[in-house]
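Participant: Mind looking over this structure? Questions follow.
The values are calculated or read from the model by the stated rules, or taken from the named source; none is laboratory data. Since the structure is predicted, the reported quantities are computational estimates derived from the model, not experimental observations. When we count neighbours, we look across all protein chains shown, and the Cβ atoms used for this are built from the backbone with ideal geometry, even at glycine. Please note that ligands, DNA and RNA were not included when accessible areas were found on the heavy atoms of the full protein model with its side chains. Shrake-Rupley method; radii C 1.70, N 1.55, O 1.52, S 1.80 Å.
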Amino acid sequence: MRIVFRILLALLLCFELSGCDDMFRDAPIDKLGEDMIWEDERLLDEYTARWYRNMDNGFYVLVSTYIKNLGEEYESWFGDQLTVGRSDWYQAGYGDLLKGSQVIYNNRGKLYWQNYYTQIRSINRLLEHSDRLPVSIKQRLTGEAHFFRAYYYYKLLRQYGGALIIDHTYDPLVSKEKFPRATYSEMVKFITDEAEKAAELLEVSYDPSMAGRATKGAALMLKAKTYFWAAGSHFQNVELPYLGFTTDCSEEMLDKAAAEYDRVIALGIYRLVEIPGTDLQSVVNGYRGIFLTKNSQESIWEVQHNDDGDFMYGFGHKLDRDAAPPSQTGVNCAYNPTQNHVDEYRMANGKRISERGSGYDPKSPYEGRDYRFYANILYDGAVWRGTELEIHYNRIGGKNVPGKDLTPYGTSTTASITRTGYYMAKFLRESQQIDDNDTYASSQNCILWRYAELLLDYAEIDFKKGRTDDALEKVNMIRRRVHMPELASVTWDDIMNERRVELAFEKTTYWDILRYGTAEKVMSGSTNPLYGCRVVVDENGNKTIVTNRVVNGNNDQIRYFGKNQYFLPIAWDDVRYHEVPQNPGWNEM
């Protein structure tokens, strides 16, 4: 009877599996017998789907006050390019993270740690049964397993430093085996060795019906990103070998990263998405389209969200709703670009706004800017979904009356407006229907690695290695794509500025701050306050634009980043069981 039940259950699961969307849904594999899993192609695809689903939340859960949902999708909120509009979020989990709460960081560290090792345990389990896998998919599944083992250890490296390298299944209730903390060097070697194994097994590309699967290019990119990360200045000449190298290995890491980027380029399948139009609106539309096209020629690795936008039972998301201005029925205002970031966009002639001869006019600050400014930022007077946004106050009868995009939409007591005078446009679909549907919303994928990032990584390497002409060409490749004037020469500041503008709001900008070792300055309000702007239009139509600090209620927004926050606290249960040292500066709460 049990065998019959399992067969029926397996058939039911197989019947329900169809299309790319289902590949990324969670499945109750643990309720099936192992004999059924290792020899059934569809059940194996469901088994591996959990590795994909847990690798990154993408745009899935971007607005929540609950710590269990404060995942890596919040990375872009911890720098200085974005903040949130709702003060109640600041008073809950998100705000506690900004303030460096030991309790919240302990919870966060435990959550990620457990999730990554749950996936690693699943991966180890499959690799130990690889001899039983169907021949037709054995190579691909084995390649995926090595890729994801490398990927989850890469996430551990970035967030915890040296972790516990566990490459086989074990049961602590049966075995007394314990694992030491690996050194930084050991972690880098393990990750890159695993990524290389994956690259040897995975195909360069797959049939469109398998879009989103790990590929050879993704594996080589992972290998390159690991070396690139490890070259960071914050991880050189450190005292504790599990938090970096005890000597300076940056040159070696940079050389190895460049070699792997060369291998990605040599595959010949990744390139910048071209924007054929040269006028402002054509470039804006073309640039926005990069982030609305799933699995384009520029994308190397991305989170696959449901095509139908189902976020109740699938893996869609509510990004467009969460970011929408009030005139477009937005109530969360979750992504407010800061003045800090707006000032990073240079003029269309390539000059900094503070540079003599730039043409920048503080009375008309949004005229003549880099085309990417108009693609990424919604400002007062910008047109969105056919509506001119009113992110200003009208001076009437001696009082400032807020415009429609500074007036909370609807009757919700938690409905909010921008705190900076800006709304986000990047990643958003202008034609997306925004309503109160409880099941369906947005479907665009979240790109994790793209060719433009590879070029900027490589430009950074070239500059550090003295190859300034090569660095200049890579930066200009990206500028030519958006029809911005090429730079005649390149400085470190030019590269960093191009990186901040091109990769604006993407997750890599947060990790850059950590690898540079500048987080204590950039992510602390005392040294880098967040700014916005306030626009007032008088009765004669004259505009006054004033820069102001971002506040929550009557208080400045408290942001703090301590030295200990470069690395999350390891789950305390594992610290005790494996008898390993905790990361410095953390106490058990």
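Participant: What are the trypsin sites (Lys or Arg not before Pro) within segment 125-216 that DSSP puts in a loop, where the Cβ has at most 15 other Cβ atoms within 10 Å?
Facilitator: Passing both the DSSP loop test and the Cβ count: Lys176, Lys178.
Participant: Next question, about the same structure. Considering the Cα trace of the chain, what is its radius of gyration and what is Dmax, both in angstroms?
Facilitator: In Å, with Rg to one decimal and Dmax whole: 24.5, 84.
Participant: Taking all protein chains as present, what is the carbon and sulfur share of the accessible area of segment 241-332, in % to the nearest whole number, probe 1.4 Å?
Facilitator: 52 percent
Participant: Kindly flag which residue pairs out of Lys197/Lys465; Lys318/Lys426; Lys225/Lys464; Lys223/Lys507; Lys197/Lys507 have an alpha-carbon separation exceeding 20 Å in this structure.
Facilitator: In this structure, Lys197/Lys465; Lys197/Lys507 lie more than 20 Å apart at Cα.
Participant: Taking 8 Å as the Cα distance limit and 6 or more residues as the minimum spacing, I'd like the relative contact order of segment 108-183 as a percentage.
Facilitator: 33 percent
Participant: Further question on the same structure: Loop-only check: which GluC sites (Glu not before Pro) in segment 323-391 are DSSP coil with at most 16 other Cβ within 10 angstrom?
Facilitator: Answer in residue order: Glu355, Glu367.
Participant: Next question, about the same structure. What do you get for chymotrypsin sites (Phe, Trp or Tyr not before Pro) in segment 177-216 restricted to DSSP loop and a cutoff of at most 14 other Cβ within 10 Å of the site's Cβ?
Facilitator: Answer by residue number: Tyr206.
Participant: Same structure, new question: Cut-off under 17 Å on the C-alpha distance; same-chain residues fewer than 8 positions from Lys543 excluded. Which lysines are left, in chain and number order?
Facilitator: Lys543 reaches Lys363, Lys399, Lys404.
Participant: What does the accessible area per residue of the chain come to in Å², with a 1.4 Å probe and no ligands, DNA or RNA counted?
Facilitator: Normalised by residue count, the accessible surface of the chain is 41 Å².
Participant: Taking only C-alpha pairs under 8 Å that are 6+ residues apart, what is the relative contact order of segment 502-561 in percent?
Facilitator: 32 percent
Participant: Hey, what did the chain get for relative contact order, percent, Cα under 8 Å, at least 6 apart?
Facilitator: RCO, the chain: 18 percent.
Participant: Still on this model: Which value, in nm² and rounded to one decimal, describes the direction-averaged projected area of the C-alpha convex hull of segment 324-450?
Facilitator: Computing the convex hull of the Cα atoms and averaging its projections yields 10.5 nm².
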